[in-house]
Amino acid sequence: MSLKLDLLVVLLLVVPFTLPAQENKYPKKVHHAARLTDGPPHIDGRLDEPMWLNANRGSDFIQHEPSEGKAPSQKTEFAIVFDENNLYVGIWAYDTHPDSISRRLTRRDQVDGDIVGVEIDSYHDHRTSFGFWVSASGVKMDRIATDDGRTEDDTWDPIWYVQSAITQEGWTAEMRIPLSQLRFSEDNDSGWGFNVLRSVFRVEETSLWQPVPRNASGMVSYYGDLIGVSGIKPRKQADITPYVVGSVVTDRVIEGNPYAKKGTGFQYNAGLDSKIGITNNVTLDLTINPDFGQVEADPSEVNLTAYETFFQEKRPFFIEGRSILSMSLMFGDGDLADENMFYTRRVGRRPQGSPTIEEGEYIHQPEFTTILAAAKITGKTEKGLSFGLMESITQNEVAEMDLDGEKRYETVEPLTNYLVGSIHKDYNDGNTVISGILAATNRKLEDPLTDQIHRSAYTGGLTFQQFFKNKSYMLLVKTYTSDVNGTAQAIARTQQSSTHYYQRPDRRNYLLDTTRTALIGNGGSIFFGKIGNSDFQWGGFMNWKTPGINLNDAGFIQSSDQLMPIFWAGYQVNEPFWIIRSSNVNTNHWTVFDFAGQYQGYGGNINGSLTFRNLWSMSAGLNWETETIETGMLRGGPAFINPAGLYPWINLRTDTRKKLSVRVYESVNLYDEGHGYYFNTEVEITYKPIDALSLSLSPNYMKNICNMQYIGKASFGDTPRYIFGLIDQHVVGLSMRVNLTLTPNFTIQYWGQPFLASGRYADLKYVTDGMADEYANRYASFTDDQIEYDPSKSQCRVDENHDGTIDYTVDHPDFNFKEFKSNLVLRWEYRPGSVLFLVWSQDRSGSDPFGDFSFRRDVSDLYDITPRNVFLIKFSYRIGR
């Protein structure tokens, strides 16, 4: 099967060079901007001043969707004027039914309702644009689009000014964009790339001034031109934003615990954020002693795997402009897309040390590592070289232990420096792109961490991207390497971690070497395919990761030792027909090998989606896998053959324009040979009774029956025993959100999540021959006279020989976990860039060894837990221009 797949990929790599290129079917438009001769306009959204009434207006918009190329249902016009400090944009959004204009109020960057916006390629590199959008209610959205629009960053929050107004003829928007917020060279007589867009909410219609094909491989390269913006000089940005924060923490009092005897504590802090323009095209972002108390907590989870969970970044300093300091290991989306050369959550991570506590001893240690300072320089030279550099320093963190008044201290996270740099250069009008990234992590280690974590780690990656035939085809080559260093004990721990498992007894190469003081590896991917200018698109991949690759000091990678060829193909229909507004279908097929050449499995999927004319939508898919050889299932033990499985899923969504909308998601995993099944259902109910208020409830339920859930490892004489059990797992969660937007600059947001999880183990067993042909011969279950449960220690005593002697003990990990997290945030941007936050956060959690699931009991127990409350006020004031 894999040989046929490889031949198909080779054939498809050759065919495109015999096909004609598809040229852009829309001629490029040009708009002339005018320099102001009188004073600047008053930004009130009304566009009734002479400069607007007499301005050169652009029009003749074309539908982008749903019916590409057709005339839009409503007329739109715009004008551009400028002076030496600002660019001014006026947009007339005519509407034959002004009473039907949607004016939903939301928080910045979450615009909803009728929208207009401008995209400005002021670099004029045909790859990068700065977007300034506004809704009919006056809510801003801004973003930077890079890589010809394939990557969007809506965390960019420039300082600009906009108002909108409802008129008898529709609505209007008026913008003032300071030139300090744009990046351009002094020699800009050739003009800027430019586009204007409009979205009419009630008919879900988007139109563009400069049309762009919906099946295009990019966006920015298709933009029209804005000319006449000349005789202006680049402006440097200079913003300094100091902040102060104070908080009150309440927690339960624990008798005898010296770290929990007060119940109430007070904290205060201060810091500084700044954004300084070194030149117009180079910006320094600096944060000293940052505070992220207003950031929403991570969702609750129970992770029964050996692999780290990937969490999304939510801290403003690290998410703004992160694309320039990012290099994903894979092309596309999916779980593997999380693997990256730089994972910003490493900075300020949870401490890695875990002190051993004696009986009767209490411990106090920080939950996260303190970030002392971080600086980031990003920019682009006049010759088109983009670059980014970020350095951050995190504090040495110490745990304090107390035993009957005697205190001792242990370092749980060392003083650490993170340095990440990247460059990006495009040639040949953006058809050839070369980029690179380097990351260095250096730690000042102290015992006992010296033998636990790396002293230093260095990683680097290169990317080559080549487009062919009007960007219809793309060749993408990525390669990366890592070099981690430390004591022999630290490197041995790395070799035996879940990323590598060098200690596996059946491993054929890259064996455990306890004398190593460094570990080196590399990886990469090659992709070629048709990605644009056609409704049918396809691609072939080859991905590889050598056994020694390790990026987890600054980046994120879950596994290594892998060769994976993949083929993907998809077909989309964008033109409405019958009751269908748009549709697509995709298929993927992959084969997995290790670097010893061992075949590990084959899988694939087919999925598709439909959007109906009434704006309801559905998507569904079916994944499948043959028997797979799992080299990590025994967590350092020999390989195990997992049975084949089918994984169907379906997603249904009603019209999100309505006051009430519902989404339902269902997925099922069905395994052969009685290995188990998995069922997950999620429902999202959103209600918007008025334009300023949005309420949502998202309940979810998961049930997992797995015959082979790992429990632990024991020794039967000189023979290792890998212990598994049949788990009956239940998870119930509910995400609750309330968004109240009183004005575009004054919002109240609430998020709450009760979470219940249970797991009961039965039919404990040990692996006998994980590679046996028959599933039943791969393990042996303990009989009743071999195993006895000791509830006082939550252990099972095993008499494997039936001789009355305890051969070994095994943990019996039945669990009930319950948690409630919530955040209430009042945010007031009282002047541009200056914000007042009032925050209330609550967290309560607990666990029991019951194992059975009882919704009523667990909810009652959850709300009997004394919560930890944090009441916080944060005040920042922007000083700048």
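The values are calculated or read from the model by the stated rules, or taken from the named source; none is laboratory data. Here the structure is a predicted model, which means the values were calculated and not measured. Positions of Cβ are backbone-derived with ideal geometry, glycine not excepted, and every protein chain shown enters the neighbour counts. Note: areas computed on protein heavy atoms with side chains; ligands, DNA, RNA excluded. Shrake-Rupley method; radii C 1.70, N 1.55, O 1.52, S 1.80 Å.
Summary of computed values
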| quantity | calculated |
| --- | --- |
| Low-density loop positions, GluC sites (Glu not before Pro), the range 742-818 - DSSP coil, at most 12 other Cβ in 10 Å | Glu774 |
| Members of Lys383/Lys471; Lys380/Lys874; Lys140/Lys688; Lys70/Lys425 lying beyond 25 Å, as alpha-carbon distances in this model show | Lys380/Lys874; Lys70/Lys425 |
| Three-way shape label, the range 461-549, alpha-carbon gyration tensor, a/c 1.5 | prolate |
| FRET efficiency estimate (nearest 0.05) - Cβ-Cβ, Ser794 to Lys703, R0 35 angstrom | 0.90 |
| Whether the range 130-213 is rounded, prolate or oblate, judged on the alpha carbon gyration tensor where a/c under 1.5 counts as rounded | prolate |
| Compactness relative to 2.2 N^0.38 Å, alpha carbon Rg of the range 366-440 | 1.82 |
| The chain, relative contact order in percent, only Cα pairs under 8 angstrom and at least six apart counted | 9 percent |
| Rg(Cα)/(2.2 N^0.38 Å) for the range 734-880, N = residue count | 1.75 |
| Span per principal axis, largest first, for the Cα atoms of the range 633-698 (Å) | 59, 23, 14 |
| Alpha carbon centroid spacing (whole Å) that separates the range 214-249 from the range 603-630 | 37 Å |
| Most to least accessible of Arg183, Arg350, Arg653 (protein chains only, probe 1.4 Å) | Arg350, Arg653, Arg183 |
| Projected label distance in nm at Ile520 and Ile423, using a 7 Å step from Cα toward the beta-carbon | 2.2 nm |
| Debye, to nearest 20: dipole size of the range 364-487, +1 on Lys, Arg Cβ, -1 on Asp, Glu Cβ | 1180 debye |
| Sulfur and carbon atoms: percent of accessible area, the range 812-881 [1.4 Å] | 61 percent |
| Between the range 142-169 and the range 453-521, the alpha-carbon center distance in angstrom | 39 Å |
| Low-density loop positions, GluC sites (Glu not before Pro), the range 145-186 - DSSP coil, at most 14 other Cβ in 10 Å | Glu169, Glu186 |
| Residue-averaged [θ]222 nm for the chain, counting only DSSP H segments that reach four residues, each worth -39500 (n - 2.57) | -1000 deg cm²/dmol |
| Gain in span if fully extended, Ser100 to Thr587, counting 0.36 nm per residue against the direct Cα distance | 171.2 nm |
| Potential lengthening between Phe855 and Val662 on full extension [0.36 nm per residue; Cα-Cα distance subtracted] | 67.0 nm |
| 3J(HN,Hα) from dihedral phi, the range 252-259, Karplus parametrisation 6.51/-1.76/1.60, rounded to Hz, x for glycine, proline | 6, 8, 10, 4, x, 8, x, 9 |
| Protection-proxy order for peptides 207-213, 519-525, 460-466, each taking the mean of Cβ atoms within 10 Å per residue, highest first | 207-213, 519-525, 460-466 |
| The chain - accessible surface per residue (Å², probe 1.4 Å) | 44 Å² |
| Karplus 3J(HN,Hα) series, Hz, for the range 437-444 with 6.51 cos²θ - 1.76 cosθ + 1.60 (x for Gly, Pro) | 9, 10, 9, 10, 10, 10, 10, 9 |
| Total charge dipole magnitude, the range 771-813, about the Cα centre, Cβ charges on Lys, Arg, Asp, Glu only, Debye to nearest 20 | 200 debye |
| Computed FRET value (nearest 0.05) for Phe468 with Ile873, which takes r as the C-beta separation and R₀ as 60 Å | 0.60 |
| Geometric extent, Cα atoms of the range 740-820 - Rg, Dmax (angstrom) | 23.2, 77 |
| Protection proxy ranking of 36-44, 538-546 - average other beta-carbon atoms within 10 Å, highest first | 538-546, 36-44 |
| Cα shape, the range 242-352, gyration tensor, a/c 1.5 rule | oblate |
| Selection from Gln181, Tyr473, Ala692 lying farthest towards where the dipole of the chain points positive, charges on Cβ | Gln181 |
| Cα centroid separation, the range 349-413 to the range 49-63 (Å) | 55 Å |
| q = 0.08, 0.09, 0.11 Å⁻¹: log10 I(q)/I(0) that the Debye formula gives for the chain, counting C-alpha atoms only | -0.86, -1.11, -1.69 |
| Computed FRET value (nearest 0.05) for Thr743 with Gln598, which takes r as the C-beta separation and R₀ as 56 Å | 0.35 |
| Using distinct alpha-carbon pairs, which all enter the 1/r mean, Kirkwood radius of the range 317-376 in Å | 14.8 Å |
| Heavy-atom accessible surface of the range 724-806: percent carbon and sulfur, 1.4 Å | 50 percent |
| Loop sites in the range 350-407: chymotrypsin sites (Phe, Trp or Tyr not before Pro), DSSP, at most 16 other Cβ within 10 Å | Phe368 |
| Gain upon complete extension [Leu272, Gln395; 0.36 nm per residue less C-alpha separation] | 42.6 nm |
| Accessible carbon and sulfur surface of the range 225-375 relative to its total accessible area, %, 1.4 Å | 54 percent |
